[in-house]
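Written out below as structure tokens is the structure these notes cover.
A short reminder: the numbers here are calculations on the coordinates, not readings from a lab. What you are looking at is a predicted structure, and each value in this text was computed from that prediction instead of being measured. A quick note on method: Cβ atoms are made from the backbone with ideal geometry, for glycine too, and the neighbour counts reach across all protein chains shown.
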Amino acid sequence: MIELRDISLRYGPKVIFDCIGAVIGARDRIGLVGSNGTGKTTLLKALLGKAEIDAGQIESAKYVTLGYLPQDGVSTLNLPLFQEVEEAFQSVISIRNRLEDANTKLGALLPEDEEYHELLELIGGWEHELEAHEAHKLQSRVEAVLLGLGFQMSDMDRPTGEFSGGWKMRIALAKLLLKTPSLLLLDEPTNHLDIESLRWLENYLKSYEGALLLVSHDRAFLDSLCTRTFALSMGRLDAYAGNYSFFDRESKVRRELLQKAQANQQRKIEKTQRFIERFRYKNTKAKQVQSRIKALEKVDRIELEDTEKEISFSFLPPPLSGQKVLEVEGLHKNYGDLKVLSGIDFSMDRGDRIAVVGVNGAGKSTLARIIAGEEPYQSGSVRLGHNVSPAYFAQHQAETLDDEETALSVVERASPSGQVDRARTVLGTFLFEGDDVFKQVKVLSGGERNRLALTKILLSRANFLILDEPTNHLDIQSKDHLQAALADYSGTLLVVAHDRDFLEPLVTKVLEISRNSIRWYYGNLSHYVAKKEEEALSAQENVSAAVEDSVGVSSKERRQHNVKIRNQMKPFRKILEECEARIARLEEKISSVEQEMKDPDFFKRGEETQQSMSEYDSTKRKLERLFEDWEKAMEKITSLKEELI
């Protein structure tokens with residue numbers, strides 16, 4: 001479907017891509033991984049044609065369409081939410097508008113008018129097009145995606161300009177999913193999603209008909225979705241035939257094998273060099289010496305790629321707090337008429353490790369700010385226990401840094417008494433080395449700002465950490481090191497996050513916040529997710545029972561029916577894949593001949609030209625038949641989908 005051939009790019013002395021190549025198939029699920037700054041976003045933009053490359057080619061089949069979700073910077077039209085997202089079906093909306101205008105015009109014409117019959121023909125054609133696009137299902141499709149991404153039915157008429165940046169990213173994602181491009185390019189799509197919406201997106205993408213190229217630092221998300229992994233590192237792109245965990249294991253095996261091969265080669269080289277040095281001036285060995293010198297010159301030396309630097313750190317041992325770390329009683333928090341927290345009661349003991357979860361807007365970050373003393377509230381009480389020393393990392397902590405300060409001055413100011421000398425060492429562990437420590441905050445990237453903000457927490461000797469989305473903008477390796485440090489942390493932990501893999505080994509309780517209430521789940525995040533799935537299944541069974549009562553179809557019969565329909569779809573899906581692969585090959589063949597036709601001498605080759613033109617015409621006819629087969633298979637799949645119950 002898409003092929004990258006010998007792509008090269010450098011920014012000054014820094015090599016981003018060094019003659020890399022890859023192929024993306026029509027149904028591929030690819031995770032694009034690598035440390036921050038290795039070129040993941042740049043590669044996505046290159047595929048879109050929005051980033052220039054120094055050399056190489058990106059070729060795609062003519063039928064391919066691309067859809068891109070950036071990390072940030074999306075904008076909206078400030079239309080009502082439903083109308084904004086419905087813009088994804090612009091072609092259908094355009095036909096509807098033409099149909100409305102035509103019907104209005106038709107009412108003003110007489111049947112004997114010539115234009116009357118012309119309009120009737122146009123209306124018939126447009127109505128047929130709307131049928132083909134399944135226009136009658138548009139509303140339910142838009143609503144299903146919006147509700148899955150966490151919006152409420154009451155949001156449908158709200159102007160999109162009222163939503164925060166995180167919700168605007170969800171709006172952009174909804175429009176993109178509904179457009180169904182051939183290849184989805186998603187750059188950190190989970191950053192602004194809560195656990196419920198993340199699980200919905202994961203399931204949606206599993207059944208997505210097109211291909212997927214995904215940049216994410218969420219290991220669990222990558223493992224669940226991806227069947228291939230592209231790893232960018234030091235200018236190279238290596239392809240792995242598995243998910244992130246497979247890549248993680250296999251990359252270590254590859255490096256170990258390469259190290260052994262290099263060591264073995266080095267021993268042979270040294271042995272040869274010793275022979276040369278020993279017999280260089282001995283006439284009887286002259287031929288052998290020259291032979292080995294030439295052999296040594298031809299050796300293709302195995303070079304090990306330098307491992308990329310990773311942050312490595314630990315928290316200072318915190319002082320001991322009292323047994324009761326936090327008590328919250330009757331907490332009420334409103335923003336104007338909007339009730340966020342209503343009568344919340346809970347407490348935390350020393351050593352508690354709690355994850356705060358819930359849908360976006362439920363009040364997770366608000367609660368964290370209130371506990372940290374950063375946010376006022378209307379009524380109730382929030383009390384810290386004896387000798388409790390809190391440290392708070394805000395979701396947008398990086399944005400609060402002073403642009404004019406340097407990285408070094410930021411951490412020096414945050415250092416406790418007697419720890420100022422440690423500031424530069426700590427910065428080094430966060431990849432600020434040499435003159436990097438004198439960089440002003442305003443020139444730092446999002447990831448660098450986040451790491452700098454985290455150093456302030458690292459330098460503190462707090463015994464109660466309140467962390468709100470600490471992993472945003474951290475790559476997987478950096479998250480692993482933060483996770484390891486928090487696992488060894490001996491204080492009390494309250495963390496707001498949606499990254500399941502990050503939270504899994506850290507927490508022993510889950511506090512779920514919903515509208516005006518809280519609920520405890522005792523166990524790690526897997527336990528919480530399993531419980532939520534049980535509850536969802538139970539609710540679904542209740543709905544199914546109600547449906548059975550009304551339509552007389554049992555859940556077992558429905559499952560059997562749906563399995564039968566999906567089995568009937570399989571041969572047509574196979575036809576689709578085969579057609580797409582053959583279409584790509586034929587289009588490449590046609591393109592090659594058309595390139596030859598640009599040469600004026602092409603048509604002077606007599607019989608050779610006739611043979612090429614004959615093959616060219618034959619290939620085009622085959623291509624047309626393949627497109628017809630593809631359309632028939634797609635129509636059959638669409639028809640079968642309607643039979644699912």
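When DSSP beta bridges are restricted to pairs lying wholly in segment 370-495, around 10% turn out antiparallel. Our note on the geometry: Cα centres of segment 359-382 and segment 157-179, 25 Å apart.
Here the Karplus relation 6.51 cos²θ - 1.76 cosθ + 1.60, evaluated at θ = phi - 60°, turns the backbone of segment 483-489 into coupling constants of 4, 5, 5, 5, 5, 8, 5 Hz, with x for every Gly and Pro. Annotation: amide H-H contacts under 5 Å for Asp349 (H modelled 1.01 Å from N, sequence separation of 5 or more, or interchain): Val325. Using the Stokes-Einstein relation with a Kirkwood hydrodynamic radius computed over Cα pairs, the translational diffusion coefficient of segment 32-105 at 10 °C and a viscosity of 1.306 mPa s comes to 97 µm²/s. Going from the fewest other Cβ atoms within 10 Å to the most, the residues Leu130, Leu331 appear in the order Leu130, Leu331. Using bins 5 angstrom wide from zero, how does P(r) for segment 555-641 break down, in % of all Cα pairs? Binned Cα distances yield the sequence 3, 13, 17, 15, 11, 9, 8, 7, 6, 4, 3, 2, 1, 1, 0. In plain terms, the chain from Tyr11 to Gln568 could stretch by 195.3 nm, reckoned as 0.36 nm per residue minus the Cα-Cα distance. Placing pseudo-labels 7 Å out from each Cα toward the beta carbon at Lys439 and Lys324 gives an inter-label distance of 4.7 nm. One way to sum up the overall shape of segment 321-465 is the equivalent ellipsoid from its Cα gyration tensor, whose semi-axes run 32, 19, 12 Å, largest first.
Let me know the whole percent of all Cα-Cα pairs from the chain that are separated by more than 47 Å. Of all Cα-Cα pairs in the chain, 32 percent lie more than 47 Å apart. Gain on full extension, evaluated as 0.36 nm per residue between Phe275 and Leu109 minus their Cα-Cα distance, stands at 49.5 nm.
Segment 572-645 and segment 58-90 have Cα centres separated by 28 Å. Taking a virtual spin label 7 Å from the Cα of Leu79 along the C-beta vector, which residues in segment 167-187 bring their backbone nitrogen under 12 Å of it? 175, by backbone N distance to the label point. Compared with the direct C-alpha span, the chain from Lys252 to Leu537 gains 98.6 nm at full extension, assuming 0.36 nm per residue. Working note: Karplus 6.51/-1.76/1.60 with θ = phi - 60° gives segment 615-624 the couplings 5, 4, 5, 4, 5, 5, 5, 4, 4, 4 Hz, where Gly and Pro are set to x.
Distance between the C-alpha centres of segment 219-271 and segment 113-128: 62 Å, rounded to the whole angstrom. Both radii come from the Cα set of segment 77-162: Rg as radius of gyration, Rh as Kirkwood radius; their ratio Rg/Rh reads 1.13. The largest-to-smallest principal axis extents of the Cα set in segment 249-298 are 53, 17, 10 Å.
Rg of the Cα atoms in segment 452-505, relative to 2.2 N^0.38 Å, amounts to 1.05. Going from the residue with the fewest nearby Cβ atoms within 10 Å to the one with the most, Val325, Val253, Val441 rank Val253, Val441, Val325. Calculate the FRET efficiency for Gln259 and Glu202 from the Cβ-Cβ distance with a Förster distance of 56 Å, rounded to the nearest 0.05. Given R0 = 56 Å and the Cβ-Cβ separation, E is 0.95. Of all DSSP bridge pairs formed entirely within the chain, close to 55 percent run antiparallel. Out of every Cα-Cα pair that segment 184-280 contains, those further apart than 15 angstrom amount to 71 percent.
Exposure proxy shown here: for Met597, Met1, the number of other Cβ atoms within 10 Å sets the order, fewest to most, as Met597, Met1.
Computed from phi, the 3J(HN,Hα) profile of segment 259-272 under the Karplus parametrisation 6.51, -1.76, 1.60 (θ = phi - 60°) reads 4, 5, 5, 5, 4, 5, 5, 5, 4, 5, 5, 5, 5, 5 Hz, with x in place of Gly and Pro. Here segment 134-186 is described by how far its Cα atoms reach on the three principal axes: 31, 28, 16 Å, from widest to narrowest. Distances between placed amide hydrogens fall under 5 Å for Leu32 paired with Leu214, Val215, Ser216, Phe230, all partners being 5 or more residues away or on another chain.
Which residues' amide hydrogens lie under 5 Å from the amide hydrogen of Tyr68, considering only partners 5 or more residues apart or on another chain, with H built in the peptide plane? Amide H neighbours of Tyr68: Leu185.
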